[in-house]
Amino acid sequence: MGRTSTVLASALTPRRTSSITSFYCKIVYFTAILTDKNSLHLLIVVDCCFIITMPDTLTKLAYQTVQQGKSYFGLVHKAVSTQLLNIVAPAPAETKPKPTPLSLELIQNIQRRMNEILETDWQDVEKGVYPASLLFDNPWDDFFRYYPAVWFDMPEMWQRVNQKRYQEFDPGVETQGLPSYYVQNFHHQTNGYLSDESANLYDLQVEILFNGTADPMRRRILAPLKAGLKAFGDVPASQIKILDVACGTGRTLKNIRGMLPKASLYGVDLSAAYLRKANQLLSQVPGTLPQLVQGNGEELPFLENYFHAVTSVFLFHELPPQARQNVIDEAFRVVKPGGTFIICDSIQMADSPELSIAMENFPEIFHEPYYRHYTTDDLTKRLTDAGFTEVFEQVHFMSKYLIAKKPIEARPEAPSFATGIAID
Ligand SMILES: C[S@@+](CC[C@H](N)C(=O)[O-])C[C@H]1O[C@@H](n2cnc3c(N)ncnc32)[C@H](O)[C@@H]1O
């Protein structure tokens, strides 16, 4: 007598044609009949495919609904935690943050900008810049797993906030050898960027902070990235190399992977814990695993003229001025002539003066020691000082984008291998 065991695997993959999104469901049955001696006797594979077709309008509605839900969730979380803080651990008057209340007009402005970025996100899908699946790529399992920990972490965090303790780390956390500007409890995070617990909570905290728009903001680098890579149209897709500086938990790399399934991706970050988290996320994605390297953006461990494009998301506001210049200089060094460097970071005073109150409030509430200087720093000048040309700026919701080209004529006579280690 044989026994039968059945394994069922399924996948739900959205695919778009001109006006519909098809959710392609694949169900595979592996049927193995085991003999009495438990040796494999027969294996049958049946492969069925279903196509669920959703008109674009429904897909868009689904996206807007999920985003709206995330937005309400972020607002409620912030309102409840602020109330609780005032009741459970009221700050002494002298240390209490004093953010300026936002006017109704300003709140409406922020809401309008949020709707606009979601519309742009959708438009980029419509234009075929990236697949609709990216819009629905939410780390729900992490959310359910770690959301309680966000609350459990609060009492300790409130104590640090009230006592203005901004550089506090558990005894086991290794801070030696890291730049002093980095050894901070950025956003009041327990252990800053230097523990696995912090890495587990980070994406959730950023989603709450931005009411669910962190990925839509990250995705605004994708269209200019794709456009910039056209300069290398003769290079096979698998030989295109892209580096994300300060890749953190890997969400930007995951979005890039969604748009460019074959490209060789690299990420560098100072935090081993965040790289471990990035590795967890990215190793679930089919295709070549991005190469993740622990290192300082100010001294990139790569050869010059190595990458077709370099990106950096939400790093620059956390750097002191000279470090900002050093990272830009390094990006210039490692990107190929004709390649593109794209920065995504907070809006600045010059591009969004109407949101100056929100920018002034941010470092008042969160520990962001370099943010104030960042908001008036001339990043275009820094980029051109480094040698970049054709610097374009864009603003979406609460973030700005600088898209810069390394001129072709910057190509050296002979390749130099003076700095960095080869990754090939
Ligand atoms: C606000 S997080 C942004 C992470 C990620 N890019 C994202 O989109 O969420 C800042 C990241 O920059 C990293 N970082 C800060 N200074 C760095 C430096 N000098 N070199 C490399 N990484 C750095 C931190 O470890 C952290 O992962």
All positions within region 114-141 that are closer than 30 Å to PRO369 by Cβ and surrounded by fewer than 18 Cβ atoms within 10 Å (Cβ to Cβ): PRO139
Qualifying positions in region 122-168 - under 21 Å from the mean Cα position of the chain (by Cα) and of a type in the set (Lys, Arg): ARG145
Tell me, which residue of region 208-227 that is buried (at least 22 other Cβ atoms within 10 Å of the Cβ) and in contact with a Gly (Cβ under 7 Å, 6 or more places away or on another chain) is farthest from GLN163 (Cα to Cα)? GLY212
When you scan region 369-386, do you find a residue that is more than 28 Å from ALA273 (Cβ to Cβ), of a type in the set (S, T, N, Q), within 16 Å of the ligand (Cβ to nearest atom) and in contact (Cβ under 8 Å) with a residue 24 or more places away in the chain, even just one? yes
Among the residues of region 338-359, is there at least one that is touching a strand residue (DSSP E or B) at 6+ places or on another chain (Cβ under 9 Å), over 21 Å from ALA223 (Cα atoms) and at pLDDT below 95? yes
Taking region 291-325, which residues are closer than 24 Å to GLN189 by Cβ and more than 12 Å from the ligand (Cβ to nearest atom)? PRO321
Just give me the residues in region 135-189 being away from the ligand (no atom under 16 Å from the Cβ), assigned to a loop (DSSP other than H, G, I, E, B) and either in contact with a helix residue (DSSP H, G or I) (Cβ under 9 Å, 6 or more places away or on another chain) or in the same structural domain as LEU58 (by TED's automatic domain parsing) (or both), in sequence order. ASP153, ARG165, GLU168
Residues (under 24 Å from ALA223 (Cβ atoms) and within 11 Å of the ligand (Cβ to nearest atom)) located in region 326-337: VAL327
List the helices (runs of 4 or more DSSP H) that sit entirely inside region 196-245 and contain at least 2 residues that are within 13 Å of the ligand (Cβ to nearest atom) and of a type in the set (A, V, I, L, M). 196-209, 214-218
Name the residue that is farthest from GLY248 (Cα to Cα), counting only residues in region 188-199 that are crowded, with 21+ Cβ neighbours inside 10 Å and of a type outside the set (Ser, Thr, Tyr). HIS188
Filter region 163-184 for residues that are out of contact with any Ser or Thr (no Cβ under 8 Å at 6 or more places or on another chain) and closer than 16 Å to PRO363 by Cβ and give the result. TYR166, GLN167, TYR181, GLN184
What is the residue count in region 246-286 for residues that are of a type in the set (A, V, I, L, M, F, W, C), closer than 16 Å to TYR202 by Cα and part of a loop (DSSP other than H, G, I, E, B)? 3
Filter region 99-136 for residues that are more than 21 Å from CYS344 (Cα to Cα) and of a type in the set (Ser, Thr, Tyr) and give the result. THR100, SER103, SER133
In region 246-274, how many are more than 7 Å from the ligand (Cβ to nearest atom) and within 11 Å of the chain's Cα centre (by Cα)? 5
More than 16 Å from the ligand (Cβ to nearest atom), within 22 Å of the chain's Cα centre (by Cα) and farther than 21 Å from TYR274 by Cα: is that true of ALA358 in this structure? yes
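The values are calculated or read from the model by the stated rules, or taken from the named source; none is laboratory data. Being a predicted model, the structure only gives us computed values, none of them experimental. Every residue, glycine among them, receives a Cβ derived from its backbone with ideal geometry; neighbour counts consider all protein chains shown.
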